Amino acid sequence: MAYLVTRTSLPFVRKYAEKARESWNDIFVHLENLVVGIKELSMNKDFRTTYMDDLLIPKSKIQNEYKIRENLVSSLASKTTDMILLLGIAILIIVIGRTQFVEISFFGEYLTLVLFTVAPLSSAAGFLGSIKKIEVALEQVERAGMSLNDLPGHEMLEPGTNKWTPDRPILELRSVEHEYYHVDEEENFNLGPIDLAIRGGEILFLIGGNGSGKTTLAKLISGLYTPKSGEVYYKNQKVKPDLVEDFRDRFSAIFTDSLVFEELLHLKKGRLEKEGKELIEAFGLKKKVRIENGRFTTTKLSEGQRKRLGLIKSFLEDKEIYLFDEWAANQDPSFKEIFYTSILAKLKDKGKAVIVITHDDQYFDLADKTVKLMNGKLSDLVPAN
Ligand SMILES: Nc1ncnc2c1ncn2[C@@H]1O[C@H](COP(=O)(O)OP(=O)(O)OP(=O)(O)O)[C@@H](O)[C@H]1O
Ligand SMILES: [Mg+2]
């Protein structure tokens, strides 16, 4: 009977274990994206919210459910088996008590002691242990969800109250400084003090040699780094720590190590279908990827192709400030041309502030202004040709 109970439960345990494992594999990809794509997630509130609320949390709940079912069925089966065995022993005791065909004290000393106490107790302890493990796993999933949704600094910027007009800069850096401490080197890297301003509809080129501090400045500009000293202003309003999250949300930024997520759920459906399709075609990705059900069908592409996909997503995000850190570096000339002449022009027409970190001097005349970094110091503005 005990064997039958175990046997019957096995297909169910197997089914739920398989489903739990399948959904865990899916969640694992999303968890990996959380780590690798933390910059993109922390810079985009709508995307972060849909990623957490519509994808990761529901999928975690489904996974939990399967895992709990798997544990429940296997525990029920093993407890029922124990019960049947104990019942058998109880019946045996009654029968021996009535018929006396074995000395009851002899039987009691050995069999009861072994079967009644050791085996059930150890399996009961094991059962409690697995309940604890489930509780801990659940708490950890909860915490992962909470910590990203609950980033510090969730006050909203209020530009209207600061007498801002569109002829004034959207973004200003005033005496901003940053420092990297290098343990194994004698000198630290010091950036700044930097003064910089950019208006809507303006294209700013940021140039400079390797290691001059361009990416570091880009991270300060976009609120990913907090300046050691100095201030950042958004539409006349000082970006204090509790405004940083909202400030970052005004940006669409592509860094050299940015992750391209398949999910596009936070973007407007109409734009995705029309403009998304056109851009995929223009950037030579038509045979590789489509937009279906609010997501790219794949991001398993070459590095250059993936960066083009990232640019398409960034363009469709429709933010106020765009920042591209050497986006064009490894692109074919024809795609560089589309980026510099078409994409940047469209962003400018839409009144976006666009910051482009670049080494492509053949396009320098497209900038409204160009600034150069050398050893962490910003040189005088180089006027556009
Ligand atoms: N995370 C970091 N920790 C410590 N030092 C850093 C870090 N990132 C960059 N640096 C240092 O800061 C300096 C500026 O780096 P940054 O990446 O801003 O330069 P860059 O102008 O973007 O260079 P590239 O053209 O190669 O991209 C370099 O000397 C670098 O070694
Ligand atoms: Mg760089």
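The values are calculated or read from the model by the stated rules, or taken from the named source; none is laboratory data. As the structure is a prediction and not an experimental result, all values here were calculated from the model. Using ideal geometry, Cβ is built from the backbone for each residue, glycine included, and neighbour counts are taken over all protein chains shown.
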>> Can you report the number of residues in segment 85-110 which are in a loop (DSSP other than H, G, I, E, B), charged (D, E, K, R) and loosely packed, with under 10 Cβ neighbours inside 10 Å?
In response: 0
> Does segment 308-330 include one or more residues that are of a type in the set (S, T, N, Q), away from ligand 2 (no atom under 16 Å from the Cβ) and out of contact with any strand residue (DSSP E or B) (no Cβ under 8 Å at 6 or more places or on another chain)?
Replying inline: no
>> So residue 20 passes all but one of these: (1) within 30 Å of residue 108 (Cα to Cα); (2) among the aliphatic types (A, V, I, L, M); (3) free of Cβ contacts under 8 Å to residues at least 60 places away in the same chain. Which condition number does it fail?
In response: (1)
>> Restricting to segment 273-290, give me the number of residues that are crowded, with 20+ Cβ neighbours inside 10 Å and in a helix (DSSP H, G or I).
In response: 3
>> Here's a check for you: in segment 348-364, which residue that is crowded, with 21+ Cβ neighbours inside 10 Å and over 25 Å from the mean Cα position of the chain (by Cα) is farthest from ligand 2 (Cβ to nearest atom)?
In response: 352
> Given the conditions (1) more than 16 Å from ligand 2 (Cβ to nearest atom); (2) farther than 19 Å from residue 310 by Cβ, and given that residue 210 satisfies all but one, which numbered condition is not satisfied?
Replying inline: (1)
> Restricting attention to segment 245-260, which residues are farther than 13 Å from residue 312 by Cα and within 13 Å of ligand 2 (Cβ to nearest atom)?
Replying inline: 255, 256, 257, 258
> For residues in segment 193-225 being in contact with a helix residue (DSSP H, G or I) (Cβ under 8 Å, 6 or more places away or on another chain) and not in a loop (DSSP other than H, G, I, E, B), which is nearest to ligand 1 (Cβ to nearest atom)?
Replying inline: 208
> Within the group 287, 377, which residue is at pLDDT 90 or above and either small (Gly, Ala, Ser) or within 16 Å of ligand 1 (Cβ to nearest atom) (or both)?
Replying inline: 377
> Looking only at segment 55-81, which residues are of a type in the set (Lys, Arg), surrounded by fewer than 16 Cβ atoms within 10 Å (Cβ to Cβ) and over 23 Å from the mean Cα position of the chain (by Cα)?
Replying inline: 79
> What number of residues within segment 104-114 satisfy the criterion of being modelled with pLDDT of 65 or more and in contact with a helix residue (DSSP H, G or I) (Cβ under 9 Å, 6 or more places away or on another chain)?
Replying inline: 4
> Applying the selection to segment 257-272, what residues are surrounded by 15 or more Cβ atoms within 10 Å (Cβ to Cβ) and either closer than 20 Å to residue 52 by Cα or polar (S, T, N, Q) (or both)?
Replying inline: 258, 259, 260, 261, 262, 263, 264, 265, 266, 267
>> Checking residue 243 against (1) away from ligand 1 (no atom under 16 Å from the Cβ); (2) closer than 22 Å to residue 49 by Cα; (3) crowded, with 22+ Cβ neighbours inside 10 Å: exactly one of these is not met. Which one?
In response: (3)
>> Given the condition surrounded by 13 or more Cβ atoms within 10 Å (Cβ to Cβ) and within 16 Å of ligand 1 (Cβ to nearest atom), answer yes or no: does some residue in segment 291-302 qualify?
In response: no
